[in-house]
Structures are given as C-alpha cells and as structure tokens.
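Asker: Structure incoming, see below.
None of the figures in this text is laboratory data; all of them are computed from the coordinates on show. Computed from a predicted structure; not experimentally measured. Note that each Cβ is placed from the backbone with ideal geometry, even for glycine, and that neighbours are counted across all protein chains shown.
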Amino acid sequence: MREWHPTYFAPIADCRAAHPEAVIELHNIVTEFTRVYRRKHPPPAGAILLYGRWLPGMLRRCGEVMKNCGPARCTRERNPLYAPCQ
Ligand SMILES: [Zn+2]
C-alpha cells in the first residue's frame with residue numbers, strides 16, 4: 001500500500017521495525033486488509049471500515065510513536081527503555 005500511496009503513509013518511518021507499537025499496528029492493518037480483500041468480491045462495508053476507520057487510526061497512532069524519527073535517526077536509539085539487552 002505504501003508504494004501506491006507514498007504521501008499517505010508518510011507518518012510511517014523507515015525505522016518502523018524498531019517500534020513494537022508500530023509493528024503491532026501494521027500487523028493488525030495487514031490482517032484486516034487480507035480479511036477484506038481475500039475474497040473475489042470484497043464486501044463494501046469491510047473496505048469502508050478499513051479505509052475510513054482502521055487505516056486513519058493506525059496512521060495517527062504510528063505517527064505519534066515515530067513523530068521524531070526520520071531518515072537520519074530513530075528516537076529509539078536515544079531511549080534507554082529500548083536499549084538492546086547485553
Ligand atoms: Zn524510529
């Protein structure tokens with residue numbers, strides 16, 4: 001989806017795999033996308049919920065988590081809570 005709509009998915013930084021919250025959100029949205037579109041004739045109600053409710057909410061929550069991340073640096077690198085185990 002990001003390839004189709006790159007500006008819409010701008011809140012999702014390239015460091016998304018480093019953010020557990022984002023991984024869960026993205027997993028949930030892909031699961032819902034698959035559930036709706038695995039059928040030959042996707043139900044309109046499912047598509048409306050996916051694009052009108054679930055996707056904007058996911059983008060908002062992921063944007064909050066990664067709002068200070070960018071191509072140069074991920075905020076997780078500065079947060080000791082996420083420091084790798086020794
Ligand atoms: Zn990050």
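Asker: I'd like the Kirkwood hydrodynamic radius of region 16-82, using the inverse of the mean 1/r over distinct C-alpha pairs, in Å.
Answerer: About 13.3 Å, per the Kirkwood formula over Cα pairs.
Asker: Right, next: Roughly how tilted is helix 55-65, in degrees to the nearest 10 and between 0 and 90, from the longest Cα axis of the chain?
Answerer: Approximately 0 degrees, to the nearest ten.
Asker: Something else about it: Give, as a single signed number, the net charge of other residues whose beta carbon lies under 10 Å from the beta carbon of residue 62, with Lys and Arg counted +1 and Asp and Glu -1.
Answerer: Taking every Cβ under 10 Å from that of residue 62, the sum is +1.
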